[in-house]
1. Are any residues in region B:202-243 more than 21 Å from the chain's Cα centre (by Cα) and of a type in the set (Phe, Trp, Tyr), and if so, which ones?
2. So in region B:71-113, with the set limited to residues that are outside any helix (DSSP H, G or I) and polar (S, T, N, Q), which one is surrounded by the fewest Cβ atoms within 10 Å (Cβ to Cβ)?
3. Read through the list (1) of a type outside the set (A, V, I, L, M); (2) open to solvent by 10 Å² or more (accessible area, probe 1.4 Å); (3) in a helix (DSSP H, G or I); (4) away from chain A (no Cβ under 13 Å), then give the number of the only condition that C:SER281 fails.
4. Tell me which strands (runs of 3 or more DSSP E) are completely within region A:440-511 and hold 3 or more residues being within 19 Å of A:ILE415 (Cβ to Cβ) and among the hydrophobic types (A, V, I, L, M, F, W, C), or say none if there are none.
5. Among the numbered conditions (1) at pLDDT below 90; (2) of a type in the set (A, V, I, L, M); (3) open to solvent by less than 20 Å² (accessible area, probe 1.4 Å); (4) touching a Pro at 6+ places or on another chain (Cβ under 9 Å), tell me where B:MET10 comes up short.
6. Quick one: which of C:ILE215, C:ILE138 is closer than 24 Å to C:GLU294 by Cα, at pLDDT 95 or above and either among the aliphatic types (A, V, I, L, M) or not in a helix (DSSP H, G or I) (or both)?
7. (1) open to solvent by less than 10 Å² (accessible area, probe 1.4 Å); (2) more than 22 Å from B:GLY174 (Cα to Cα); (3) at pLDDT below 90: which one isn't true of B:PRO130, the others all being true?
8. Output the number of residues of region C:30-55 satisfying the condition of being open to solvent by less than 50 Å² (accessible area, probe 1.4 Å), more than 14 Å from C:ASP340 (Cα to Cα), more than 9 Å from chain B (Cβ to nearest Cβ) and modelled with pLDDT of 85 or more.
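The values are calculated or read from the model by the stated rules, or taken from the named source; none is laboratory data. Predicted, not measured: the structure shown is a model, and the values here were computed from it. Please note: Cβ atoms are built from the backbone with ideal geometry, for glycine as well, and neighbour counts cover all protein chains shown. Ligands, DNA and RNA are excluded from the accessible area calculation, which covers all protein heavy atoms including side chains. Shrake-Rupley method; radii C 1.70, N 1.55, O 1.52, S 1.80 Å.
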Amino acid sequence: MGMEYIIEMLNITKSFPGIIANDAITLQLRKGEIHALLGENGAGKSTLMSVLFGLYQPENGVITKAGKEVSINNPNDANNLGIGMVHQHFKLIQNFTVLQNIILGVETTKNGFLKMDEARTKVMALSDQYGLKVDPDTLIEDITVGMQQRVEILKMLYRDNEILIFDEPTAVLTPQEIEELMKIMKELAGEGKSILFITHKLNEIKSTADRCTVLRKGKYIGTVDVQTTSKETMSEMMVGRKIQFTIDKNPSIPNASHFEVRSLTVSSKRSAKKAVNNVSFTVKKGEILCIAGIDGNGQSELVYALTGLGPIESGQIFLNGKEITKMSVRDRNVLGMSHIPEDRHKDGLILDYTLAENLILKKYFTPEFQDHGFIKFNATHTYADRLITEFDIRSSQGSKTMARSMSGGNQQKAILAREINNDPEILIAVQPTRGLDVGAIEYIHKQLVEQRNSGKAVLLVSLELDEVMNVSDRILVLFEGEIVADLMPAETTVQELGLYMAGSKRKEVVL
Amino acid sequence: MKKILSLLLMVIMVFGLTACGSKPAAQPTQPAQPTTYEIAMITDIGTIDDKSFNQGTWEGIVAYADKSKITHKYYKPTEQSTDAYLAAIQLAVDGGAKVIVTPGFLFEEPIFKAQDLYPNVSFILIDGNPHNADYSVFRTAKNTVGITFAEEQSGYLAGYAAVKDGYTKLGFMGGMAVPAVIRFGYGFVQGADVAAKEMGLTSIDLKYHYTGGFDATPEVQTLAASWYAQGTEVIFGCGGAVGNSVMSAAEAAKTKVIGVDVNQSAESDTVITSAMKGLSASVQSVLTEYHANKFPGGQSLVYAADKNGVQLPMESSKFKKFTKADYDVVFAALAAGKIKIANDKDAADVTKLPVSIVKVTFVK
Amino acid sequence: MKTFRKILLGEEFNRATASIIAILIGLLVGFLVLLISNSAEALAGFKIILSGGFSTGAKGMGQVLYFATPLILTGLSVGFAFKTGLFNIGTPGQFIIGAFAAVYIGVTCTFLPAPLHWIAALLAATIAGGLWALIPGILKAYLNVHEVISSIMMNYIGMYLANYLTKSTIYDIRKAQSLNVADSAVLPKGGLDYIFYNDLGGVKDLSTVNSGIWIAIVVAILIYFIINKTTFGYELKACGFNQNASNYAGINAKRSIVLSMVIAGMLAGLGGGLLYLSGASGRHLKVVDMLAVEGFNGIPVALLGLSNPIGIIFSAFIIAYITQGGNYLQTLNFAPEVIDIIIACIIYFSAFALYFRKLLPFLIKKGRGDRQ
């Protein structure tokens, strides 16, 4: 049995000041298998991979390759052992060609001159062999994210790597591209490559992986055979409790039109093309309207325009029949607009303020918290304590905790608490679950639905297809600043949605 | 409350620390620092090597103290104000000073106060006499000597030497028309006139002007340049930094300058000589009297040629014809009181001076 | 006892400790420089620095307070700007423009009676300083010109303008400095003349200190309340920490930036007024091409006080205290020029050493070991 494993990491322990990131973790990778590494944020997946890649030295434990103990002190050692990695954020040089990027660092030269022909032949051969179609002479900045990922894979293959690590590879891809990637991974495994696949998406594991190792809070929970293990079991291993996947919700009973956008156009900072082009829609009371789309298709500009944070070129916005197009941010907020921003660190929180100070960020000037220009600190802390209990916001020092020192999930809960507690007429939630673990996602989804059930209008902007399909009552797809589809989740599929998002399908939207 | 308490604690700790430091220091102050400094100088604005009053005075102190083996030291005030000068005087007294020398008229007000605060310390005020802030009371106490100089003699020497050396087109640029500057100017005019008479010359041109300030300004430089362009050969730059502007103009026009107060030959090659005050000589002389228990306390002394209170620095002067022997003759005559020079009390303005050959053009 | 322990473990104490450690490090560096320049008297010299203002009796302590007065204000100016996310390096310019305005009113508006006259002069100083910071504030808020660059520019413009105006309006040519301000414009002693003097055989040798120090302390407390207790301070700080989030919260960030700069400038300008209204024997405006030292010294004061207004009062005291002690070093065989170097070393190394604050919690945690 022992010889069967190409890589074994046995009892790996690695700690950082104040935290044990990996506590006696064991990971055994068979030759030719796709092995998923599953865990929530902070479970220790990245640390474990960094140990394997030579970026960290473990305090304890051994790594063996093909049964022989090895020591990996830096990424070069890892490379020499045939270990390659596709990072979540690609390490490519934007203004180099595909070919230049692939051979970067392992160039063959003759008398100091590059010998590109040999390299080109080898890259093309690999490209054919694994179905990784690329044009070797285009610049990286001109190709899609999916293409760039292929370049990263080719980089590993070009270096004759045997063990391929994929760190959350699907986060940036469309459904079609994800399907493509899964196919490629299977082909690679079929050719005898061994693959480590880091993810927290159970669907992908179920469809691709052979076995799955689960980590939780730095501890090894177990390794299971994917075929014979249910998604529910795996998620329970990951989170430590049962998770509800589908959200209980009654069909929406949309009320009168409540939030209306008419022919909104926003010019782009980068190009002559409009970032948002003639977009119109309405959100009704008791409805969750979702704006779906691949990142960078105008969502940010749209939200900034709606909330008053960014300029608009033309168009009108109405809330409750009142035009708010030219209102200041403050006036919109007072009128009942709540906004869970896309980037909670950039927009949503003042990280160097305490939790309490952040919770009153949009209310500090109201008589509830202000008296003759002085802040009522007692009222502030009472209010904060109430929200902390109500929304189960966890922090080390309660309302006096610095926002910076809180975990991402709790930071997001704080924002959610603040925005929901403003009793909004319209709640604009932008990627509210980004970077959160399953438990927090579940909680936030529930809260959104609750808002909708209590008759609020909710505008959800999301990149996550599962979220789009599960939470929303109606879906608009945004592609290159225009709405290209108006769908009901029950009447569409993830695949169809993906086609709209990628711009390969379009339907006349009647609003 | 917590914050205030913790800050209090911090202060207690810091000051407690200093207290620990100062306790042992307080006791053995005397044995730990056996050196006290008997003669002290307080520097005026500027550094000790300012090529001006500070340096001139300090050189006198060093010359005397080295010869007599007396400890000496200079103190630098934190800033230029009466209070800061008084604080520096206090330092000097704490440092064991028995006699304190202060160069420059800016010390007139501080010494007016200090002479009462430290009755057991003697003060030598160079180039001024103690008075209060609004000039309403002038009083020199028993422990203080005010020294001023016979500027008209110094100016006389410069004017005399310049004409003797062959210059016939002269200029005088004074700063503000204060008595000291006027005396320099009147002496300069009369010295030139006497030299011209002795040489049998028929005409000397002399342009005469007060700039109204003691600063180097572009206006002064422009005016000096225009004088030089009109043929003026040498200008007596008399008044603080006014001389620096004149030197700049002279450097451009390749002409000459006469310096003032101290030997300014190092400041520019254009300086042919300087109408000096005998800073070093007067300091040495009063210090000598002090140690001989003949301190002329309460007096306002005027140092003239007889006490080496004025001079030209012949060793560094750039004269072509005027020799050391010539200088010694005229200096001896001055020292012996054989030459009468009209000063600011004798003539209402420069055109009323009793001169016959020098034609003074007063430029307003 | 319980509260005492709470203080020891508290955040504020941690910060104060870091400042004290920083000062100790600065002193250590100063001691090294003392050793290098004159090893024989280094120890004696170090003791003199430590005994600081106490070296010259009650008057000396008075002088410490006098020197601390402008430092508190410029320290507040820098610290207030820090708190609101701005680096006000324009304090020398604001300071000197404020000083000019105060002296100008003090010399010319002699028709005003005593309390009104100096109050008017201080108000003029405050307004002038504020105006001087308004320009960098507007440039920053509306044109995104970095305030460091524009304030350095304003420093030089301020210095030359103050020189020009001093010379053309209120100049005493004979003494080459500004004229004495009228007695009615001199800050009253505020009772301090009963404390800070040396008795020299029946004659009072008064310290320069005046009610300016009271004003400085009151202003510091005021700023403390504005920053920490008011919605206005909440907004300004929010903009300093995160401009995007402030916009998101509906705060007018541009307005806040301008206001922050103006208030910082007002503080520095007031500092100039307080220093220069100290009477005939005190400081006068000079026409020199040098940026005001008190302005720049606001930076180490603010750093050492961790930008906390109350902390700034103490750090200004400490810096003035050490400076005064350094001056007293002249009684030993140290050249005055070397003393300047020593004091500068102590002050600036103290400010640098505050990086210890970041290290401190880490070191404590490490010390506690496995308990974590």
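1. Hits for region B:202-243 are B:TYR208, B:TRP227, B:TYR228.
2. Quick first cut of region B:71-113, residues outside any helix (DSSP H, G or I) only: B:71-81, B:95-104.
If we keep only those that are polar (S, T, N, Q) too, we end up with B:71, B:78, B:80-81, B:102.
On the way: B:THR71: 15, B:THR78: 18, B:GLN80: 19, B:SER81: 23, B:THR102: 29.
That would be B:THR71.
3. For C:SER281, the failing item is (3).
4. A:457-462
5. Of (1) at pLDDT below 90; (2) of a type in the set (A, V, I, L, M); (3) open to solvent by less than 20 Å² (accessible area, probe 1.4 Å); (4) touching a Pro at 6+ places or on another chain (Cβ under 9 Å), only one is false for B:MET10: (4).
6. On the way: C:ILE138 fails: closer than 24 Å to C:GLU294 by Cα.
Being closer than 24 Å to C:GLU294 by Cα, at pLDDT 95 or above and either among the aliphatic types (A, V, I, L, M) or not in a helix (DSSP H, G or I) (or both) holds for just one of C:ILE215, C:ILE138, which is C:ILE215.
7. (3)
8. Adding up the residues that qualify gives 1.
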